[in-house]
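Read the structure below first, then the notes.
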Amino acid sequence: MRELNEKPAPLTIRNGDTVKVMTGRSKGKTGKVLSVNPAKRTVTVEHASIIKKHTRPNPSKNIKGGILEKEGPIHVSNVLLVCPGCGKHTRAGHTTLPDGTKVRTCRRCNTTFEN
Ligand SMILES: [Zn+2]
């Protein structure tokens, strides 16, 4: 059982980051983060975890029937950030700069991530 007052750790993955998928069908794939869902703690990663959606044709909306391929959500615990500095997958640490801004840094090489 989960504690109700349990505060989830802040997500270290943001839109536009490059991540590597560590488990599941898309294991080993590296791609750009397309979207982040902090509530569900999931991300969608470019070209990873493709789900096929079957759509019915709807001529009035100009929708052709068929199979639509789309990135599916992957839980954040199944992906790791790829560091732009050392090129390796890493867990990001949070560092507070002397001026008070919080940045994410690579725990391997201390490169600061943008944004
Ligand atoms: Zn690094």
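The values are calculated or read from the model by the stated rules, or taken from the named source; none is laboratory data. What you see is a predicted model; the values in this text were computed from it and never measured. Don't worry about glycine lacking a Cβ; one is built from the backbone with ideal geometry, like all the others, and counts go over all protein chains shown. For the accessible areas, the whole protein counts, side chains as well, though only heavy atoms, and no ligand, DNA or RNA atoms are used. Shrake-Rupley method; radii C 1.70, N 1.55, O 1.52, S 1.80 Å.
Observations, loosely collected:
- Here's the list of lysines a cross-link from Lys102 could span, going by alpha-carbon distance under 27 Å and ignoring same-chain residues fewer than 8 apart: Lys7, Lys20, Lys32, Lys40, Lys88.
- Excluding ligands, DNA and RNA, the accessible surface per residue across the chain is 73 Å² with a 1.4 Å probe.
- The chain, relative contact order in percent, only Cα pairs under 8 angstrom and at least six apart counted: 19 percent
- In terms of accessible area, using a 1.4 Å probe and ignoring ligands and nucleic acids, Arg41, Arg56 rank largest first as Arg56, Arg41.
- Taking 18 Å as the straight-line reach from the Cα of Lys64, the lysines in range (excluding those fewer than 8 positions away in the same chain) are Lys52, Lys53.
- Whole-percent carbon and sulfur share, accessible surface of the chain, 1.4 Å: 51 percent
- When the chain is described by a simple charge dipole with +1 on each Lys and Arg Cβ and -1 on each Asp and Glu Cβ, the residue from Pro10, Thr105, Met22 located farthest towards its positive end is Met22.
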